[in-house]
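The values are calculated or read from the model by the stated rules, or taken from the named source; none is laboratory data. Quantities reported herein were computed from a predicted structural model and do not represent experimental measurements. Cβ coordinates were reconstructed from backbone atoms using ideal geometry, including for glycine residues, and neighbour counts include every protein chain displayed. When the accessible area is computed, the model is the full protein with side chains, heavy atoms only, and any ligands, DNA or RNA have been set aside. Shrake-Rupley method; radii C 1.70, N 1.55, O 1.52, S 1.80 Å.
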Amino acid sequence: MSDRIIVFDTTLRDGEQAAGVLFSQKDKLDIADRLAAMRVDVIEAGFPAASPTELRAVQAVARHVRTASVCALARCHPRDVDAAAEALAGAARPRIHVFVNASEVQLEHQLRRGHDEVLAMAAAMVARARDAVGDVEFSPMDATRADRAFLAALVRTAIAAGARTINIPDTVGYALPHQVADLFGHLREVVPEVHGAVLSFHGQNDLGMASANAVAAVRAGARQVELCVNGIGERAGNTSFEEVVMAIAVHGASLGVHTDVDTTGIYPLSKLVEARSGIGVPANKAIVGRNAFRHASGIHQDGVLKHRENYECIDPARIGHPIGTEIVLGKLSGSAGFAAKARQLGIELGGGKLARAFEAFQALADRQRDVSDDEVRSICAVLDA
Ligand code: KIV
């Protein structure tokens, strides 16, 4: 038995909260189009109360996307909920995502409201959103640092007011995987009402734990994960879409879960978000980084040439990678990698030529970071001269 994990993409909302990112309406439409084509379940398109431009952009996505749910964010203010409802008016499957601060530190130093007041705000705004669109998600912000009794009361209140999805945010990327699992286990135990709702996880990456935390949440009962393409987002970013979707694709059988996402769209989607967000993907980024399927050292090159799975746990074709497994020549490369590269360039190195060419290659590789295809051609041409 495999449970479906609802993939909630928030690249257009929390991803846009990354410093220096500004998505135009066209960017939002193009990215949403790609997400919908990949069968992502929910697209959080933005925060309509932020500005009239943002409201119009969310509205455009809501009118355009017909398959996925389109979601809009709202604080616990009537104005926010009404702006979200207005933006979603043309959506085929609208969802409003209502949130409120839940941790003591944020209640005291940001919201400046007491528990009873916050419970009343949550009840009223979830009900208002439910009356507007039916499908309501509720997030007690900073849940991983919240007082557990208050968190449980907030979750209970939101469900009673009509929230169908309860999202547990690790807002400052504070939690470790075992703590996330423990919190989900605790909520499932003390708030039996959550069994009638969908539990969700939303993580930030301040400690580099966001993807591991999302997997821990899934193992502990979450059936929705909130993700951003390339892991972009506030500060150190959000849980990376490609990491969690591929972790589930690779380990779905042992986790007992799957997603409906067409993973072959991942690489083109990553490139689209990189171009439109202006945030470059680091070369060593899992799944979509430039080096993710490039092999530079002799032992790994030899192994991957004999059998790709010796040194890769993902077939690059599964993420729509246009190049796939690649041998990159450098100081640590061996003769197997060098010979394979020459063959790939149409050069046959018979007789004693391979040993001599490899010697010339090593002399060059000792002096520079990598050796290009043209340099391999030149090395081999000199032998033929
Ligand atoms: O990081 C956060 O807590 C959020 C919530 C609104 C889900 O973005």
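When residues of segment 150-165 are filtered for being within 16 Å of the ligand (Cβ to nearest atom) and among the β-branched types (Val, Ile, Thr), how many remain?
Within segment 150-165, residues that are within 16 Å of the ligand (Cβ to nearest atom) and among the β-branched types (Val, Ile, Thr) number 2.
Whether any residue in segment 346-368 is loosely packed, with under 13 Cβ neighbours inside 10 Å and closer than 28 Å to Pro268 by Cα is what I want to check.
No, every residue in segment 346-368 fails to be loosely packed, with under 13 Cβ neighbours inside 10 Å and closer than 28 Å to Pro268 by Cα.
What do you reckon, is Thr239 at pLDDT 95 or above, open to solvent by 10 Å² or more (accessible area, probe 1.4 Å) and of a type in the set (Val, Ile, Thr)?
Values: at pLDDT 95 or above: yes; open to solvent by 10 Å² or more (accessible area, probe 1.4 Å): no; of a type in the set (Val, Ile, Thr): yes.
In short, no.
So for segment 160-182 (the condition being farther than 18 Å from Val218 by Cβ and assigned to a helix (DSSP H, G or I)), does at least one residue qualify?
So far as segment 160-182 goes, yes, one or more of its residues are farther than 18 Å from Val218 by Cβ and assigned to a helix (DSSP H, G or I).
Run down Ser254, Ser211 and say which single residue is farther than 15 Å from Ile6 by Cα, open to solvent by 50 Å² or more (accessible area, probe 1.4 Å) and either within 12 Å of the chain's Cα centre (by Cα) or of a type in the set (Ser, Thr, Tyr) (or both).
Result: Ser254 is the single residue among Ser254, Ser211 that is farther than 15 Å from Ile6 by Cα, open to solvent by 50 Å² or more (accessible area, probe 1.4 Å) and either within 12 Å of the chain's Cα centre (by Cα) or of a type in the set (Ser, Thr, Tyr) (or both).
Which one of the conditions (1) farther than 21 Å from Asp14 by Cα; (2) part of a helix (DSSP H, G or I) does Gly221 fail to meet, given that it meets all the rest?
Status for Gly221: all satisfied but (2).
Filter segment 216-265 for residues that are over 19 Å from Thr165 (Cβ atoms) and either of a type in the set (Lys, Arg) or not assigned by TED's automatic domain parsing to the domain that holds Val194 (or both) and give the result.
Once the filter is applied, which keeps residues that are over 19 Å from Thr165 (Cβ atoms) and either of a type in the set (Lys, Arg) or not assigned by TED's automatic domain parsing to the domain that holds Val194 (or both), segment 216-265 yields only Arg235.
Given (1) within 16 Å of the ligand (Cβ to nearest atom); (2) farther than 17 Å from Val180 by Cβ; (3) open to solvent by 20 Å² or more (accessible area, probe 1.4 Å), identify the lone condition not met by Ala249.
Only one criterion in (1) within 16 Å of the ligand (Cβ to nearest atom); (2) farther than 17 Å from Val180 by Cβ; (3) open to solvent by 20 Å² or more (accessible area, probe 1.4 Å) is unmet by Ala249, namely (1).
Might you check whether a residue that is of a type in the set (Phe, Trp, Tyr), at pLDDT 95 or above and over 19 Å from Val133 (Cβ atoms) occurs anywhere in segment 41-48?
Narrowing segment 41-48 to residues of a type in the set (Phe, Trp, Tyr): 47.
So of that shortlist, the ones also at pLDDT 95 or above come out as 47.
Narrowing further to those that are over 19 Å from Val133 (Cβ atoms): none.
No, that holds for no residue.
Can you work out which of the residues in segment 133-149 that are open to solvent by less than 10 Å² (accessible area, probe 1.4 Å) and either outside the structural domain of Ala91 (by TED's automatic domain parsing) or under 16 Å from Val194 (Cβ atoms) (or both) is farthest from the ligand (Cβ to nearest atom)?
Val136
Select the strands (runs of 3 or more DSSP E) contained entirely in segment 1-96, then report the ones holding at least 1 residues which are crowded, with 22+ Cβ neighbours inside 10 Å and either of a type in the set (Phe, Trp, Tyr) or outside the structural domain of Gly252 (by TED's automatic domain parsing) (or both). Walk me through it before giving the result.
Values: elements: 6-9, 42-46, 69-75.
Per the criteria, 6-9.
Is it the case that segment 103-114 has a residue that's closer than 18 Å to His202 by Cα and not in a strand (DSSP E or B)? So that I can check it myself, show each step before the final result.
Residues of segment 103-114 that are closer than 18 Å to His202 by Cα, as a first pass: 103, 106.
From what's left, not in a strand (DSSP E or B): 103, 106.
Looking through segment 103-114, at least one residue is closer than 18 Å to His202 by Cα and not in a strand (DSSP E or B).
Give just the number: which of (1) open to solvent by less than 50 Å² (accessible area, probe 1.4 Å); (2) closer than 18 Å to Ile5 by Cβ does Gly173 not satisfy?
With (1) open to solvent by less than 50 Å² (accessible area, probe 1.4 Å); (2) closer than 18 Å to Ile5 by Cβ applied to Gly173, the lone miss is (2).
Please go through segment 97-120 and give me each residue that is open to solvent by 30 Å² or more (accessible area, probe 1.4 Å) and among the hydrophobic types (A, V, I, L, M, F, W, C), ordered by number.
Across segment 97-120, the qualifying residues are Phe99, Val105, Leu111, Leu119, Ala120.
Hey, can you tell me all the residues within segment 166-190 that are of a type in the set (A, V, I, L, M), away from the ligand (no atom under 16 Å from the Cβ) and under 14 Å from Ala210 (Cα atoms)?
Answer for segment 166-190, where residues must be of a type in the set (A, V, I, L, M), away from the ligand (no atom under 16 Å from the Cβ) and under 14 Å from Ala210 (Cα atoms): Leu176, Ala181.
Could you grab me the full set of residues in segment 318-335 that are open to solvent by less than 30 Å² (accessible area, probe 1.4 Å) and touching a residue at least 60 places away in the same chain (Cβ under 8 Å)?
Ile319
What tally of residues in segment 191-206 results from selecting those that are more than 12 Å from the ligand (Cβ to nearest atom) and charged (D, E, K, R)?
So the answer is 1.
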